[in-house]
Amino acid sequence: MPSISKKGFSMPESPIRKLVPYAEKAKKGGAKVIHLNIGQPDIKTPQIALDAVKNNTLSVLEYSRTEGSEVYREKLASYYLKNEINVSAQDIIVTTGGSEALSFTMGSIADTDDEIIIPEPFYANYNGFATAMGIKVVPVVSQIENNFALPLIDEFEKLITPKTKGILICNPGNPTGYLYTREEIKKLSAIAKKHDLYLIADEVYREFTYDGKEHYSILQEQGMEDHAIIVDSVSKRYSMCGARIGCLVSKNKEIIKTALKFAQARLSPPTYAQIASEAALETPQSYFDDVKTEYVSRRNLLISELQQIDGIKIGHPHGAFYCIAELPIKDSDHFAQWLLEEFRVNGETVMVAPAAGFYASEGLGKNQIRIAYVLDKESLKRAVYILKEALKVYKDQ
């Protein structure tokens, strides 16, 4: 039999999706599975986006432009301007989800064996994109004890080598819900300029900031035109995960020129999804106000319920819709599988995302899970109760 590539063997499994077969088996066995594992909001997609697809009059479903519809990119530029980010349509490439924007970015800035520094825990697929591109992820550890705040700048500078090409952050963060302050963005920007690095910010949760805190983009920072790259997506903002539309944004013309070559290789982003995404830009502010209110309410309930479990530590999120919980166990991978295979409360169980897959450092996150609070409050309350009961009887392996 022909061999599989070393790169293929090295590709990490998704900590979010690898337990799906166990969840499906549980459901076939009659169990109800409450999904805390995946960031799929139950919030309704704006009707204006759905109607734009339903009512379109296209007679031929043609390729779109490689960089995305010009009208859509112009409207995106207007959206960014409302958020104090001054870019033009020429600074934007529309991608097939934020995932493709991340892949294009990594391919554009780094060669095989080059390095990107990422505060961990981080979105698990950063590992996957880096592996696919032959890039080494260099983690800098943030701690649950200080709510996953930006590690000391000295810790970043210790890790910079001639192979370092950039620093990647998610703001607000997946999986922690951490929101970087203006001061922290300024510190990261100063490092990028001092060492001539790229600063990449995954800003797909920009709208979801809580407790009166602001989102400060790397492209709001003066002097970052050559260094800053934003990755963005409609998936979470408009509850349009299935649209698979994102974008790469940078004022660095060489980055845009280079990323465009990667985009040309995949031809173009999907036409119908761009139609929906363009229409979604007309979503009224009241939609986001209502969504934020709902997420804050869910977060508060989740944290309150989790705090009633003995021996648990919780990161307090100020953005996005995730939190990391540290459990009084040794191995959350085994615990998560055990929940699906063996544990039920009134015919129900929960599916969580083991957090080790959100770290690059071996051994970290083994006793942590990520919880997505994208379900209604009653489901969240039931889920935490099931977790509490499970921990009373679970035996570490």
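The values are calculated or read from the model by the stated rules, or taken from the named source; none is laboratory data. A quick note: this is a predicted structure, and the numbers were derived from the prediction, not measured. Note that we place each Cβ from the backbone using ideal geometry, even for glycine, and neighbour counts take in every protein chain shown. All accessible areas refer to the heavy atoms of the entire protein, side chains included, with ligands and DNA or RNA removed. Shrake-Rupley method; radii C 1.70, N 1.55, O 1.52, S 1.80 Å.
Let me check against my output: what whole-number percent is the relative contact order of the chain, with C-alpha pairs under 8 Å and at least 6 apart?
Reported relative contact order: 25 percent.
In the structure shown, do any of Lys163/Lys187; Lys44/Lys395; Lys18/Lys213; Lys32/Lys366 have a Cα-Cα gap over 31 Å, and if so which?
Lys44/Lys395; Lys18/Lys213
In the range 35-111, what chymotrypsin sites (Phe, Trp or Tyr not before Pro) fall in a loop by DSSP, with at most 14 other Cβ atoms inside 10 Å?
Tyr63
Just want the answer: with Cβ charges of +1 for Lys and Arg and -1 for Asp and Glu, which residue in Ile93, Thr105, Ser14 is farthest toward the dipole's positive end in the range 1-122?
Of the candidates, Ser14 comes out farthest on the positive side.
Taking a ≥ b ≥ c as the square roots of the Cα gyration tensor eigenvalues, with a/c under 1.5 meaning rounded and otherwise prolate when a/b beats b/c, else oblate, which class fits the range 17-118?
Because a/c hits 1.5 or more and a/b fails to exceed b/c, the range 17-118 counts as oblate.
Report the per residue volume, in Å³, of the convex hull enclosing the C-alpha atoms of the range 61-192.
That works out to 136 Å³ per residue.
For the range 33-74, just say rounded, prolate or oblate: build the C-alpha gyration tensor, square-root its eigenvalues into a ≥ b ≥ c, call rounded for a/c under 1.5, and beyond that prolate if a/b exceeds b/c, oblate if not.
Prolate is the answer for the range 33-74, as a/c is 1.5 or above and a/b outweighs b/c.
Would you calculate, for the chain, the mean residue ellipticity at 222 nm contributed by helices, counting each DSSP H stretch of 4 or more residues as -39,500 (n - 2.57) and dividing by all residues, to the nearest 500?
-11500 deg cm²/dmol
List the pairs from Lys136/Lys313; Lys75/Lys261; Lys236/Lys313 whose alpha-carbon separation is above 28 Å, in the order I gave them.
The answer is Lys136/Lys313.
Using only the alpha-carbon atoms, what does the range 268-324 span along each of its principal axes? Please give whole angstrom values in decreasing order.
Dimensions of the range 268-324 along the principal axes of its Cα atoms: 51, 28, 14 Å.
Considering only protein heavy atoms and a probe of 1.4 Å, how much of the accessible area of the range 291-371 is carbon and sulfur, as a whole percent?
Using a 1.4 Å probe with all protein chains present, the range 291-371 comes out at 42 percent carbon and sulfur.
Hey, could you get me the Stokes-Einstein D for the chain, Kirkwood radius over alpha-carbon pairs, 37 °C and 0.692 mPa s, rounded to whole µm² s⁻¹?
150
I need the GluC sites (Glu not before Pro) found in the range 300-375, filtered to DSSP loop residues with at most 14 other beta carbons within 10 Å of theirs.
Answer in residue order: Glu362.
Percent of accessible area on the range 4-64 owned by carbon and sulfur, 1.4 Å probe?
Roughly 56 percent of what the probe reaches on the range 4-64 is carbon or sulfur.
Measure out, as a whole number of angstrom, how far apart the alpha-carbon centroids of the range 343-397 and the range 11-76 sit.
Centre-to-centre distance over Cα atoms comes out at 24 Å.
Sort Arg65, Arg298, Arg382 by accessible area with a 1.4 Å probe, largest first.
Largest accessible area first, the list is Arg65, Arg382, Arg298.
Ignoring ligands, DNA and RNA, what accessible area per residue does the chain give at 1.4 Å, in Å²?
Per residue, the chain has an accessible area of 44 Å².
Give me the Å³ per residue figure for the convex hull around the C-alpha atoms of the range 137-281.
It comes to 138 Å³ per residue, whole-number rounded.
Give, rounded to the nearest 20 debye, the magnitude of the charge dipole that the chain has about its Cα centre when Lys and Arg contribute +1 at Cβ and Asp and Glu contribute -1 at Cβ.
Dipole of the chain, to the nearest 20 debye: 780 debye.
Determine ³J(HN,Hα), in whole Hz, for all residues of the range 246-257 in sequence, where each value follows from phi through the Karplus function 6.51 cos²θ - 1.76 cosθ + 1.60 and θ = phi - 60°; x replaces Gly and Pro.
Once θ is set to phi - 60°, the couplings for the range 246-257 become x, 7, 10, 10, 7, 8, 7, 5, 5, 5, 4, 4 Hz.
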